[in-house]
Amino acid sequence: MAGSASFLSRSLARAKTNSCSMRRSFFSLGSSPPLKQYRDSLIFPFSREQVFRVVADIDKYHEFVPMCVGSKVLHNTRWHSDDEDAGHQCVHAELVVGYPPFNERYTSTVELDHPRRIVATAAPGGSMFKHMKTVWEFTEQRAIQGDAP
């Protein structure tokens, strides 16, 4: 499982890097650019559970997310459900992004709805973003006719 998680981490990083061409300059001065949105849908040869676990592992973002040079969970709260593998979790995390020596840090609130969805919202009041919300939704894809054995 460790080897597939590492491969999945690299695949997610490459997919997101190759599919996104938006830019943001660091240390913004003056007026803010208009709000931008980006939406993408990707299919990976991994289960929903495997992809969810990689995206939920915030402490390791600096190992595979481009330009993320630091990542750590500051506080973690979990609400259990009847299903041991399901549940809700709220995480406060600090991320450091940039290209050394130019780095910026921000704090996010990350809501995890295992294994369906992860929503990360940048905390207000930071210098990096006025607004930033990232939503990951995970679904299992049905086999396409001809792919099944």
At 7 Å along Cα-to-Cβ for each site, give me the label-to-label distance between T77 and S47 in nm. 3.0 nm
If r is the Cβ-Cβ distance from R105 to K36 and R0 is 25 Å, what FRET efficiency results, to the nearest 0.05? 0.75
Summed residue charge, Cβ within 11 Å of R117's Cβ, Lys/Arg positive, Asp/Glu negative: -1
Pairwise FRET efficiency - E94 versus R142, Cβ, R0 = 30 Å, nearest 0.05: 0.20
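All of the numbers you see were taken from the coordinates with simple rules; none came from a lab. On a predicted model such as this, the values are computed, not experimentally measured, just so you know. All Cβ positions, glycine included, derive from the backbone under ideal geometry; neighbour counts span all protein chains shown.
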